[in-house]
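Just so you know, all these numbers are worked out from the coordinates, no wet-lab data involved. Note that this is a predicted model, so its numbers are computed, not measured. Note that each Cβ is placed from the backbone with ideal geometry, even for glycine, and that neighbours are counted across all protein chains shown.
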Amino acid sequence: MFISVGVALLSGRTARILAEPGCTIHEFKKLAQKELRATGITALITSAGQLLHDSCTLETAGVVNGDTLSATVQQATIASSRESSAFACICADGSVVTWGDPVCGDSTSVQKQLKDVRHIQASTYAFAALRREGKVVSWGIVFNGGDCSAVQDKLQNVQHLESTSYAFAAIRADGSVVCWGLHEYGGDTENVASELKEVREITGSATAFAAIRADGQVITWGDLACGGDSSAVKEQLRHVKEVRCTAFAFAALRVDGQVVTWGGDCCGGDSSTVQPRLSSIVQLSSSACAFAAIRADGQVVTWGEPEGGGDCSLVQEQLHDVQQVKSTHRAFAAIRRDGSVVTWGDPNCGGDSRAVQDQLQGVQHVEGTQAAFAAVKVNGHVVTWGDFAYGSDSSAVQEQLCDVQRIYASQKAFASILLSGQIVTWGDPRCGGDSSRVQSQLIAGCLVKDRECDTIEACVGEKLSSCRTNVFLAQPCL
């Protein structure tokens with residue numbers, strides 16, 4: 001006997017599926033994906049709000065003939081960093097596509113292992129991917145953490161990954177930490193192994209790590225001169241809820257709104273000149289050489305290298321009602337409550353936005369490469385400024401940059417995800433600005449049948465013929 005069960009996507013697309021009552025939820029997801037021509041269905045939810053577990057059957061879950069289940073689909077996400085020269089995209093089905101600098105943008109050596117991936121972390125010239133089962137796959141330059149074989153047997157039940165420029169750190173389900181990469185730059189936890197327990201969060205600078213434990217204490221390791229040694233402020237590192245870093249210094253935000261800093265003085269490790277103003281802090285941000293702290297009243301306090309964003313005196317009067325601060329290597333961009341943007345720091349790194357200031361209204365999100373910014377407005381359009389060599393010139397793809405949902409940045413390039421699921425890239429081709437090499441792979445991964453197309457092949461063919469060089473699909477066309 002078969003029962004008819006409806007499945008509805010958030011986009012409004014629905015399908016009715018015939019299945020036996022004894023069919024497991026896991027198998028039913030596969031049937032739903034096939035019928036809807038969609039990949040990446042991660043959860044099925046009843047009309048009563050009950051999440052159905054994969055091991056259950058339709059019958060034991062109480063699903064009867066005529067019921068309709070809501071389905072959630074994993075969206076594509078992109079991984080990179082201001083230090084990285086490549087991008088890695090996690091597609092809706094958990095597979096991974098990489099592009100950019102071949103030393104880390106070519107993942108062919110581990111491609112068969114890149115399945116069911118849920119998170120990717122980037123170092124300078126390597127990536128580490130976390131699979132849903134809690135295992136880790138890495139690739140890229142060995143000296144940047146591209147080879148985790150020495151600790152592979154320990155990389156079980158991993159919950160999260162973090163990196164310095166030269167090493168990776170994995171937090172396991174029991175709160176323990178496993179590291180690999182260059183020992184002196186965070187790849188070796190031997191000196192603090194006994195203290196790394198019940199870790200809930202890790203932050204990595206260029207050469208050191210800082211871990212927040214469940215009790216609010218902070219443990220550091222790596223380059224001693226650049227934040228790996230926090231002994232001078234150890235007693236102050238209590239009840240910490242957040243840690244941020246520049247290239248060679250750290251700042252910890254405590255639950256009482258106070259800030260504690262350590263590491264390289266020239267990169268923000270010394271906050272003594274602004275310490276009286278570092279109260280009621282709600283959020284921290286950092287460039288490569290300076291920090292910016294948002295206070296509860298919406299004002300901003302900065303310190304570190306003055307020319308690299310540590311001095312905001314020229315725009316201090318404009319820094320009110322600030323909601324978010326983003327950065328390049330040597331400049332900051334603050335988004336205010338009204339959607340306007342205020343910038344400061346090195347003019348060559350995006351610190352001067354006067355040329356596009358009239359366009360910077362209704363901004364909801366900003367990202368930065370090493371020397372350029374890209375802002376997403378509420379209407380889905382994008383505004384860029386800064387150094388042309390680092391992605392500030394988006395003119396070649398500007399017509400395609402509509403309905404942008406999110407932007408990601410590498411060293412010298414940007415990648416944006418549109419509402420349709422398309423990804424548009426621009427900037428230095430050597431750092432991921434040219435995604436043409438992987439375009440066909442990701443378009444072929446678009447398994448949803450468009451209403452205008454009778455077959456998947458027709459849909460893919462239509463997308464291929466209409467897409468430009470730097471546009472591809474990385475998630476279902478829901």
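Residue-wise, which Karplus ³J(HN,Hα) couplings in Hz belong to the range 298-309, taking 6.51 cos²θ - 1.76 cosθ + 1.60, θ = phi - 60°, and x for glycine or proline?
These are the phi-based 3J(HN,Hα) values: x, 8, 10, 10, 10, 7, x, 5, x, 6, x, x Hz.
Given 135/234; 112/326; 29/135; 135/326, which pairs have Cα atoms separated by over 30 Å?
Listed pairs above 30 Å: 135/234; 112/326; 135/326.
Using a Debye calculation, one point per C-alpha and no hydration shell, please list log10 I(q)/I(0) for the chain at q = 0.08, 0.13 Å⁻¹ in order.
Debye intensities relative to I(0), on a log10 scale: -0.52, -1.25.
Hey, what number do you get for the chain at 222 nm if only DSSP H runs of n ≥ 4 count, each worth -39500 (n - 2.57), divided across all residues, to the nearest 500?
Values: 4 runs with 33 residues, N = 478.
-2000 deg cm²/dmol, from helical runs alone.
Please give the contour-minus-distance gain from residue 132 to residue 27: 0.36 nm per residue of separation, less the Cα-Cα distance, rounded to one decimal in nm.
36.0 nm
Computed FRET efficiency, Cβ-Cβ of residue 354 and residue 234, R0 60 Å: what is it to the nearest 0.05?
Efficiency, from the Cβ-Cβ distance: 0.85.
Mind jotting down the distance between the C-alpha centroids of the range 307-332 and the range 231-290, whole Å?
Between the Cα centre of the range 231-290 and that of the range 307-332, the gap is 16 Å.
Quick one: which residues, 5+ away or cross-chain, put their amide H under 5 Å from the amide H of residue 340? H built at 1.01 Å from N.
Residues meeting the amide H criterion: 362, 363.
What is the distance, in nm, between label points placed 7 Å from the Cα along the Cα-to-Cβ direction at residue 192 and at residue 72?
3.3
Sequence gap at least 6, Cα distance under 8 Å: using those rules, report the relative contact order of the chain to the nearest whole percent.
Averaging sequence separation for qualifying contacts and normalising by length gives 9 percent for the chain.
Would you mind checking the radius of gyration and Dmax of the range 269-379 based on alpha-carbon positions, in Å?
Cα radius of gyration and Dmax of the range 269-379 are 12.8, 42 Å respectively.
Across the range 239-247, in residue order, what do the Karplus-derived ³J(HN,Hα) couplings come to in whole Hz, using 6.51 cos²θ - 1.76 cosθ + 1.60 with θ = phi - 60° and x for Gly and Pro?
6, 7, 10, 7, 10, 10, 9, 8, 5
Can you put 401, 314 in order, fewest other beta carbons within 10 Å first? Walk me through the numbers before you get to the answer.
Working: 401 21, 314 9.
Least crowded to most crowded, the residues run 314, 401.
Please list, in order along the range 205-213, the HN-Hα scalar couplings obtained from phi with the Karplus expression 6.51 cos²θ - 1.76 cosθ + 1.60 (θ = phi - 60°), rounded to whole Hz, x for Gly and Pro.
8, 5, 9, 8, 10, 9, 10, 9, 8
Excluding residue 57 itself, calculate the net charge of residues whose Cβ lies under 15 Å from the Cβ of residue 57, where each Lys or Arg counts +1 and each Asp or Glu counts -1.
Overall, the nearby charge balance is -3.
If the chain between residue 141 and residue 405 were fully stretched, how many nm would it gain, using 0.36 nm times the residue separation less the Cα-Cα distance?
On the way: separation 264, 0.36 × 264 = 95.04 nm, distance 3.16 nm.
This chain segment gains 91.9 nm when fully extended.
Taking amide H positions as placed in the peptide plane 1.01 Å from N, state which residues far from residue 262 in sequence (5 or more) or on other chains have amide H under 5 Å from it.
250
Under 17 Å from the 7 Å Cα→Cβ point of residue 241, by amide nitrogen: which residues of the range 257-271?
Answer for the range 257-271: 257-260.
So if we plug the beta-carbon distance of residue 214 and residue 440 into 1/(1 + (r/R0)^6) with R0 = 35 Å, what FRET efficiency do we get, rounded to 0.05?
That pair, residue 214 with residue 440, gives E of 0.15.
List the residues whose amide H sits under 5 Å from the amide H of residue 159, counting only those 5 or more places along or on another chain, with H placed 1.01 Å from N in the peptide plane.
171, 172, 173
Multiplying the sequence separation of residue 45 and residue 112 by 0.36 nm and subtracting their Cα-Cα distance, what value in nm do you get?
Details: separation 67, 0.36 × 67 = 24.12 nm, distance 3.10 nm.
Going from the current span to full extension adds 21.0 nm.
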